[in-house]
Structures are given as structure tokens and as C-alpha cells.
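Input: a single structure, listed below in C-alpha cells.
The values are calculated or read from the model by the stated rules, or taken from the named source; none is laboratory data. What you are looking at is a predicted structure, and each value in this text was computed from that prediction instead of being measured. Note that we place each Cβ from the backbone using ideal geometry, even for glycine, and neighbour counts take in every protein chain shown. The protein model used for the area step is the full one, side chains on, heavy atoms only, and it has no ligands, DNA or RNA in it. Shrake-Rupley method; radii C 1.70, N 1.55, O 1.52, S 1.80 Å.
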Amino acid sequence: MKIKAVNGFKDILPDDALRWQMIEKTARDIFARFGMREIRTPVLEKTELFARSIGEATDIVEKEMYTFVDKGITMRPEATASILRAFIEHGLHVKQPVHRLYTIGPMFRHERPQKGRLRQFHQMDVEVIGATEPQVDAELMAMGQMLLDALGIKVSLEINSLGCPACRPAFRDKLIGYLDQHRESLCSDCRRRLETNPLRALDCKNRTCKALVQDAPSILDSLCSDCNDHFSAVKETLDLLGVSYRDNRFMVRGLDYYTRTTFEFITDALGAQAAVGAGGRYDGLLKQLNGPDLPGIGFALGMERLILLMEQQEDRTPPQQTTDLFVAALGEKAAVHASMLVHALRRLGLAAAMDYSGRSLKAQMKQAGRVNSRFTLIIGDNELAEEEGILRDMNSQEQSRFSLSPAVDEQAQQMAAILSA
RNA sequence: GUGAGCGUAGCUCAGUUGGUGGUAGCACCGGGUUGUGGCCUCGGAGGUCGUGGGUUCAAGUCCCAUCGCUCACCCCA
């Protein structure tokens, strides 16, 4: 029986890794423009951290976590909790009033894998801690949009407000009242949600529930004046920044800690997985974790989903690794010269390669093409005798002579000059 | 946790109502070009048909089980 990767865990092979690097580079660059600084936290945390932040009654905590029961530790299902833990543990808040942080890495959830959903998946996660201003909410969404634009991914942005502890309970009661009236028409899931998390009935996909919910009381009508002002200011700022969005009063989030602003970047191109990025404000969460009473807001982008969309939507060809010079050597003496030259070139910062198997020139040329070599230097017995190799431009197919006579280091300098011209 | 579908070469896949010898393309190796990649052409190598059992004169093909994968529900990035 063959040993294979475990279900829901995927290898990222060399042909794909360059795309990952490109996405991460683009993200880091844009995050830096917004003053975000990287933080890296462990993938393992005390189980209690996630239970207390994400919420005991959420699906994630109830049945999706990879937990070492005997050790009381869990592989992170999301990044926010870990970042806040680190923030609190190291007392970062005393250094400055507002922290802008990001992290990129793997998350783990024990769900049934399907398109765009894995058990180990990767997120780019951004958190701003210590700022309550609605402009920050809008700025984060604008940043997300900027990144998605840079990657050539088309999505739409939907926003909502979930209110705060001052106004959400009243809405919750109103909603329960309404749903209870129509209890008979609700699907079995929603009848259960009525007890556990009535808000989630709002984005039920069942057709009759969907219709029913259209006439349900709207959270937006129940917001307290502070929350209402906040939400208005968020939208105003989005308008100012030229970020388009759509109100979606039915959008709720699967994590308990969200307050006020929530948002999702969604697509219809990924089957059941609509959200490629999502987040929101969590103003009471730090205090709840025994930290300072600071507001926070953040969001995460799903790397695998971004990649699926890019493969589907992109017009340009994916990046490929290239080689500056391939040296094709014929015979042992030539191979010795080649290996010294290749090493000297690498010392100078160039990507140089050769083949040690002593195969035919044709085979070596083929290899040069395979590694996307810009130039190939051919060294055979004739060339050694004349102390001049043949330098071939692989694109134009033009060939010229290259002196092999001075010291190897000087040849490398010469070559570097030619390659950078 | 629930439901459906699919497992043939490294990859993508043919395989007709069960009928002898398992396709092809891509990729790989070699020749045509005795020292020149991509294109062309010729050849080569590469398989326990997921695994186990059953039906049958005969199973890649039908049945059962099992393992694996995929998609969907739920939920989520």
C-alpha cells in the first residue's frame, strides 16, 4: 500500500510554488504600503484560546478543530485568536496606541474537503488593533480590494453591521419572535438555529427560509445610534476611496466575536465556496481574552481560493523560474572547466546550471531549454583547444564566441557583463 | 456527520451487448542531425486495469465488500 498525503492535505509542487511566492510577495508589498507589520505565531495553541474567542457553540469549535485532547492543545483553525494572544502576552499595546499586523500561514479545520476547501488551508490575515474609527474599517476593505485587483481577481464586496452588545440583543429577540411565528415553515436546520444561533437563519440557503427571511426584521433598523453612525461612516469612506460594495443585511459570520462591521469578498465562480476573503470588527474580544479593552478589526483571505480564481480568470501565463546560463560541456576536461565557471557565476549572483551526466549535446541543449535558460555556453574539445566557447542566445538563436582563456573568475565577470547587457 | 459520483501509465483519458493480445495524447529516453533545445519524424521504455472476494468457459467491463479520491449538503477562507 502506497503512502499518500492525508485526506484534505495537499502538496504544493514546484510548478505551483512560484505562483504562491508571487501572491505572497504582492500581498506583503501592499500590506507594507498600509503600514502592516508581520507577526508569526505558532500553529499550536491552548484549546481554551479558540473556545473562548471563536465561541463554544460555533461549528469550528464544536466539531472542526484538530485537538490533542490529552495535551489540551489545538492546531489553529484561524489566525485572529493567536495574534491577539501574542499581542496580549507581550503587552504590545504599551508601545503604541494602534497596531497593524498581518500573518500568512496554514490553518487547520477538520471538515469534509471539497472544491476550495481543505483541511490544511492557507490564509493571509490582517488585524488592526486599537482603532475604533470607521475609516479604518473602510481602509482595510480598500486594501483587500487593492490586493485582489493586483492579483487580477474579480470579486464583489458585501458589507453589513451586526451591531454591538447594546443593540444586538434587542434585534435578536425581535428576530426570534418573527422566526418563531413561522416555525412550521422553517427547515429543520433553522428550527435548530432558532435555539442556538438565530442570526444564522438569515443566510440559510433553503428556498423557503430565504423567502421567509426577506420579510424578517432587519438588523440595520435595530442598530443603536453609535452603531448606525459607525456603519454610515464606513460606507461614506468607502465611497470616498472609490471602493464599490453592496449592502447585505443577511450576511452573518460563523465566528461569535464579531461586532458592528462585517464584510466578505465573494465570487460565484467557486461553487459552494463563495467567500474568498472575509472579516469584521471585534471590539470586545481582547477584553474577553483578559487583555486590555481595545477594539480590533481584521480579515482573512483564503490562498487556495485565490489561486483557483486566478487559474480560472487569468489571461497571462503563470510565472516560470528561469536560468541565466546553462553550460553544456562535452568531455571530462570541459566538464571541469564548466563546473568552476558555473560556481563562479553563482557566486556573482547569477542562476547558472550544467549537467553532470556526460550526455549528448542534444540532450544537454534540451535540458537547457527545460530550465528556461537565456543563454547556453557550449564547451567541447575544439573550444578548449581554441580557448573559446560558443555562447548561444536561446531566444534569438544567435551564437558568438566567448573567451575561455583568463582565470575563471574573470570569465565569470565577463559573462555577467554580457548577461546583464 | 449526511448524500451522490468516480478509481485504467507520472498526467489527461479511450476501451463498443463480458470474447484471446490492454488505447492514444502529453511528459520521459534514443535515432533522423557521427557537436546545437523548442517544430517535425521514427523508435523505445513505462501498467499488480485501487484492493479483496464472487458470478462465468471467459471480467478492465457484471455483483458484493473494502480502501482511496472528487463533488454536494452542513459550515466556512
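So, in the stretch A:235-265, how many residues would count as being of a type outside the set (D, E, K, R), within 16 Å of RNA strand B (Cβ to nearest atom) and modelled with pLDDT of 95 or more?
Qualifying residue count, the stretch A:235-265: 5.
Scan the stretch A:358-376 for residues that are more than 7 Å from RNA strand B (Cβ to nearest atom), more than 12 Å from A:THR323 (Cα to Cα) and within 39 Å of the chain's Cα centre (by Cα) and jot them down.
Result: A:GLN364, single match.
Exactly one of these conditions fails for A:LEU384: (1) near RNA strand B (Cβ under 9 Å from one of its atoms); (2) outside any helix (DSSP H, G or I). Give me its number.
Exception for A:LEU384: condition (2).
Condition check ((1) among the β-branched types (Val, Ile, Thr); (2) not in a loop (DSSP other than H, G, I, E, B)) across all residues:
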site	(1), (2)
A:LYS287	no, yes
A:PRO292	no, no
A:ARG305	no, yes
A:VAL327	yes, yes
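Here is a check on your reading of the model: is A:ALA328 within 9 Å of RNA strand B (Cβ to nearest atom), over 35 Å from the mean Cα position of the chain (by Cα) and either open to solvent by 60 Å² or more (accessible area, probe 1.4 Å) or touching a residue at least 40 places away in the same chain (Cβ under 8 Å) (or both)?
yes
Tell me which of these A:LYS4 doesn't satisfy, since it passes every other one: (1) outside any helix (DSSP H, G or I); (2) over 20 Å from A:ARG112 (Cβ atoms).
The one condition A:LYS4 does not meet is (2).
Please give the number of the condition A:ASP355 fails out of (1) within 13 Å of RNA strand B (Cβ to nearest atom); (2) loosely packed, with under 14 Cβ neighbours inside 10 Å; (3) of a type in the set (Asp, Glu).
(2)
Give the residue, chosen from A:ALA335, A:ALA274, A:ALA278, A:ALA300, that is within 9 Å of RNA strand B (Cβ to nearest atom) and without any contact (Cβ under 8 Å) to a residue 24 or more places away in the chain. Can you show your working first?
Values: A:ALA335 fails: within 9 Å of RNA strand B (Cβ to nearest atom); A:ALA278 fails: without any contact (Cβ under 8 Å) to a residue 24 or more places away in the chain; A:ALA300 fails: without any contact (Cβ under 8 Å) to a residue 24 or more places away in the chain.
Exactly one of A:ALA335, A:ALA274, A:ALA278, A:ALA300 is within 9 Å of RNA strand B (Cβ to nearest atom) and without any contact (Cβ under 8 Å) to a residue 24 or more places away in the chain, namely A:ALA274.
Quick test for you: out of A:ASP215, A:ASP226, A:ASP256, A:ASP268, pick the one residue that is under 19 Å from A:GLN135 (Cβ atoms) and open to solvent by 20 Å² or more (accessible area, probe 1.4 Å). Steps first, answer last, please.
Details: A:ASP215 fails: under 19 Å from A:GLN135 (Cβ atoms); A:ASP256 fails: under 19 Å from A:GLN135 (Cβ atoms); A:ASP268 fails: under 19 Å from A:GLN135 (Cβ atoms).
Going through A:ASP215, A:ASP226, A:ASP256, A:ASP268 in turn, just one is under 19 Å from A:GLN135 (Cβ atoms) and open to solvent by 20 Å² or more (accessible area, probe 1.4 Å): A:ASP226.
Write out, first by first residue and then by second, each pair whose Cβ atoms fall under 8 Å of each other, whose residues are 6+ apart or on separate chains, and whose first residue, in the stretch A:369-392, is on the phi > 0 side of the Ramachandran plot while the second is part of a strand (DSSP E or B).
Hits for this filter: A:ASN372/A:THR323; A:GLU387/A:SER403.
Residue under question is A:ASP355, and the condition is that it be farther than 16 Å from A:GLY331 by Cβ and either without any contact (Cβ under 8 Å) to a residue 40 or more places away in the chain or touching a helix residue (DSSP H, G or I) at 6+ places or on another chain (Cβ under 6 Å) (or both); does it hold? Spell out how you get there, then give the answer.
Details: farther than 16 Å from A:GLY331 by Cβ: no; either without any contact (Cβ under 8 Å) to a residue 40 or more places away in the chain or touching a helix residue (DSSP H, G or I) at 6+ places or on another chain (Cβ under 6 Å) (or both): yes.
Here the answer is no, as A:ASP355 does not meet what is asked.
If you take the residues in the stretch A:10-50 that are assigned to a loop (DSSP other than H, G, I, E, B), within 24 Å of A:ILE307 (Cβ to Cβ) and open to solvent by 50 Å² or more (accessible area, probe 1.4 Å), which one is farthest from RNA strand B (Cβ to nearest atom)?
Our first condition is that a residue be assigned to a loop (DSSP other than H, G, I, E, B); within the stretch A:10-50, this holds for A:10-13, A:34-36, A:39-43.
Subsequent filtering for residues that are within 24 Å of A:ILE307 (Cβ to Cβ) retains A:10-13, A:34, A:36, A:39-41, A:43.
Those still in the list that are open to solvent by 50 Å² or more (accessible area, probe 1.4 Å) too: A:10-13, A:40, A:43.
Numbers: A:LYS10: 7, A:ASP11: 11, A:ILE12: 14, A:LEU13: 10, A:ARG40: 18, A:VAL43: 15 Å.
Among them, the one singled out is A:ARG40.
Being open to solvent by less than 30 Å² (accessible area, probe 1.4 Å) and within 10 Å of RNA strand B (Cβ to nearest atom): is that true of A:ILE379 here? Outline the logic, then answer.
Values: open to solvent by less than 30 Å² (accessible area, probe 1.4 Å): yes; within 10 Å of RNA strand B (Cβ to nearest atom): yes.
Spelling it out, A:ILE379 is indeed open to solvent by less than 30 Å² (accessible area, probe 1.4 Å) and within 10 Å of RNA strand B (Cβ to nearest atom).
Any idea which of A:LEU308, A:LEU345, A:LEU285 is within 30 Å of A:GLN135 (Cα to Cα) and crowded, with 19+ Cβ neighbours inside 10 Å?
Numbers: A:LEU308 fails: within 30 Å of A:GLN135 (Cα to Cα); A:LEU345 fails: within 30 Å of A:GLN135 (Cα to Cα).
Just a single option satisfies the conditions, and that option is A:LEU285.
Against the definition (in the same structural domain as A:PHE231 (by TED's automatic domain parsing), of a type in the set (Val, Ile, Thr) and open to solvent by less than 60 Å² (accessible area, probe 1.4 Å)), how does A:VAL69 come out, yes or no?
Working: in the same structural domain as A:PHE231 (by TED's automatic domain parsing): yes; of a type in the set (Val, Ile, Thr): yes; open to solvent by less than 60 Å² (accessible area, probe 1.4 Å): no.
Criteria not met by A:VAL69.
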